[in-house]
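Just below is one structure, and these are the notes that go with it.
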Amino acid sequence: MKISANKLYTFLSVFGFIYFCYVILITPQIEPRWNLFPDVNDYKSQARADLTSSDFYAPKPRLWFSPRPFTVPLFFKIADYDSYKMVMLQKFTYCICVISLLMAILNFITHFWVKLIAQYNLLLFFTWWNIVGWSDLPLSESLSISLMFFWFSSILLYYKRQTILNLLLLLVATLLLSFTRDTWPYIILLFFLLNIFISKFLKIGSIKKSLGLLVFSVCLFFTQSYTSNIGERYKLALFNSIVGRVSKNDDYINWFKNEGMPQADRVKSYFKKVVPSTLNGRVYMCARYADSTSTYKEIFTWIKKDGKKTYQKFLLTHPYYFFLQDLSGEEVEQNLFAYNFNEYYVESEGFFVNADNVFPIFNPWIYLLIFSLLLFLFFKTRETMYIFLIVTFLLFVVNALITYNADSLEVKRHLYITRIVLEFISLTTLLLLTDYISNLVAKKRSNTLNL
């Protein structure tokens, strides 16, 4: 019995998706490491607020409670405030988001065998423990990266067909992603700003819809900024940046002192030799949070009142600091391209060891080479997928700078996403290049036969 190519492709494709879901969802006993993270109690506490109440979307801080963006509390509410159920919900969400992204990418690949190669290579990539390991913790990391993949897929689907359904899907994906972390609105706003140029000059999508998406992202940006101010979500991050990085440079500290920051001399004296990247440094800095109403009351009061705008002014007037030139190249590279955080979750085992033995494949110089290759392929073909990957590359360069400057305490934990995205872009580019070459070869053979 002869099996058609389409039936074989469908069978192998469905089998790959099913096995991927099996690997992700069928897990051994989950170790409750989340008991070490006070964030989890914050999410649960916020989740118990009514969906129609402002205490869910923009709560105020109180004793033993630090407000969070609402997406993770929303999922906790769906999981009935249970951490184990939340972990399974995260894994299920991850499967859906990854499959939606893969299906969107495969729409841009034409060659039969390249589609299968691309699917199975990317499925292996998405079992990398650097990504999947976070799903065992009911924190923001897992949902943030899952919804980022969902956002990618919604963009690609919208670029493929600008239907009302795809537009609504993009809006929902954008909204949920934005409220997983407070740095996402900057990236979302930048993307939809670049999307105006994509629509106008590359004729991708309606310019009116693109303008509407930009207005939506602006409203989202200011809404999230408003809820952040109410919840004072910037306060600890700003304290971390001042004592963890600004304190290392006398000129920086003097600048803040001249701008009215109190206790500048105390900050310089007590924090100049503290290294935030070490465990002892993190413990020391976190312990100072308890002093926010006593020893460091003045600086925390100033942060709440004037600190945010003063720090923004500092970033704008100190490009040397913003572009990380005050740090050693080795330190920046280790933080920007950090991966596999076994101090947070257990080490990989079973099937997941396979991806850990493969990834990461590339290094920073290869990333730049891949970016150059993307530019070449785009100008050669004008394909939407290439411009999407180019823009994504640029977005995460900006994201790395914003995130690095937003909080100096756990830079690696906040920037683990950089290497994931760059590996994803690089691997996808090579697969698209394979498809491009395959089509050239097929076209050359067809022309030879016609002759």
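The values are calculated or read from the model by the stated rules, or taken from the named source; none is laboratory data. It should be emphasised that the depicted structure is a prediction, and the values quoted were computed from it without experimental measurement. Heads up, the Cβs are rebuilt from the backbone with ideal geometry, glycines too, and the neighbour counts pull from every protein chain shown.
Quick look at the values:
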{"read-out": "Tally, over segment 71-104, of residues that are over 16 Å from residue 146 (Cα atoms) and either of a type in the set (S, T, N, Q) or touching a helix residue (DSSP H, G or I) at 6+ places or on another chain (Cβ under 7 Å) (or both)", "value": "5"}
{"read-out": "Lone qualifier among 369, 409, 422 - being outside any helix (DSSP H, G or I), assigned by TED's automatic domain parsing to the domain that holds residue 126 and of a type outside the set (Ser, Thr, Tyr)", "value": "409"}
{"read-out": "Unique residue being exposed (fewer than 15 other Cβ atoms within 10 Å of the Cβ) and farther than 30 Å from residue 19 by Cα when the list is 330, 347", "value": "330"}
{"read-out": "Which listed residue, of 92, 15, 11, 56, is in contact (Cβ under 8 Å) with a residue 24 or more places away in the chain and either part of a helix (DSSP H, G or I) or surrounded by fewer than 12 Cβ atoms within 10 Å (Cβ to Cβ) (or both)", "value": "92"}
{"read-out": "Yes/no for residue 82 being touching a Leu at 6+ places or on another chain (Cβ under 7 Å), modelled with pLDDT under 95 and assigned by TED's automatic domain parsing to the domain that holds residue 119", "value": "no"}
{"read-out": "Every residue from segment 266-280 that is surrounded by fewer than 16 Cβ atoms within 10 Å (Cβ to Cβ), at pLDDT 80 or above and not in a loop (DSSP other than H, G, I, E, B)", "value": "266, 269"}
{"read-out": "Sole residue being within 25 Å of the chain's Cα centre (by Cα), on the phi > 0 side of the Ramachandran plot and touching a residue at least 12 places away in the same chain (Cβ under 8 Å), chosen from 315, 336, 324", "value": "324"}
{"read-out": "Check on residue 403, under 26 Å from residue 147 (Cβ atoms) and polar (S, T, N, Q)", "value": "yes"}
{"read-out": "Boolean, residue 34 is on the phi < 0 side of the Ramachandran plot and not assigned by TED's automatic domain parsing to the domain that holds residue 287", "value": "yes"}
{"read-out": "Test result for residue 258, at pLDDT 80 or above, in contact with a Lys or Arg (Cβ under 7 Å, 6 or more places away or on another chain) and among the polar types (S, T, N, Q)", "value": "no"}
{"read-out": "Condition broken by residue 110, with the remaining ones in (1) surrounded by 23 or more Cβ atoms within 10 Å (Cβ to Cβ); (2) among the β-branched types (Val, Ile, Thr); (3) within 26 Å of residue 441 (Cβ to Cβ) satisfied", "value": "(1)"}
{"read-out": "Given (1) surrounded by fewer than 19 Cβ atoms within 10 Å (Cβ to Cβ); (2) in contact (Cβ under 8 Å) with a residue 12 or more places away in the chain, number of the condition residue 73 does not satisfy", "value": "(1)"}
{"read-out": "Boolean, residue 98 is surrounded by 14 or more Cβ atoms within 10 Å (Cβ to Cβ), among the β-branched types (Val, Ile, Thr) and within 19 Å of the chain's Cα centre (by Cα)", "value": "yes"}
{"read-out": "Pairs where the first residue, in segment 367-381, is farther than 20 Å from residue 397 by Cα and the second is assigned to a helix (DSSP H, G or I) and hydroxyl-bearing (Ser, Thr, Tyr), C-beta under 9 Å, 6+ apart", "value": "377/386; 377/429; 377/436; 379/386; 380/386; 380/436; 381/436"}
{"read-out": "Unmet requirement for residue 272, which otherwise passes all of (1) without any contact (Cβ under 8 Å) to a residue 40 or more places away in the chain; (2) within 19 Å of residue 306 (Cα to Cα)", "value": "(2)"}
{"read-out": "Among the residues listed as 124, 101, 143, 169, the single one being of a type outside the set (Gly, Ala, Ser) and more than 24 Å from residue 356 (Cα to Cα)", "value": "169"}
{"read-out": "So residue 22, is it free of Cβ contacts under 8 Å to residues at least 40 places away in the same chain, of a type outside the set (A, V, I, L, M) and closer than 24 Å to residue 423 by Cβ", "value": "yes"}
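So that you can scan it fast, the table gives a plain yes or no per residue for (1) in a helix (DSSP H, G or I); (2) buried (at least 20 other Cβ atoms within 10 Å of the Cβ); (3) within 16 Å of the chain's Cα centre (by Cα); (4) of a type in the set (Ser, Thr, Tyr):
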site: 88; (1), (2), (3), (4): yes, no, no, no
site: 146; (1), (2), (3), (4): yes, yes, yes, yes
site: 154; (1), (2), (3), (4): yes, yes, yes, yes
site: 159; (1), (2), (3), (4): yes, yes, no, yes
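Yes/no per residue for (1) without any contact (Cβ under 8 Å) to a residue 60 or more places away in the chain; (2) crowded, with 17+ Cβ neighbours inside 10 Å; (3) part of a helix (DSSP H, G or I):
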| position | (1), (2), (3) |
| --- | --- |
| 200 | yes, no, yes |
| 205 | yes, yes, no |
| 215 | yes, no, yes |
| 219 | yes, no, yes |
| 223 | yes, no, yes |
| 227 | no, yes, yes |
| 233 | no, yes, no |
| 237 | no, yes, yes |
| 242 | no, yes, yes |
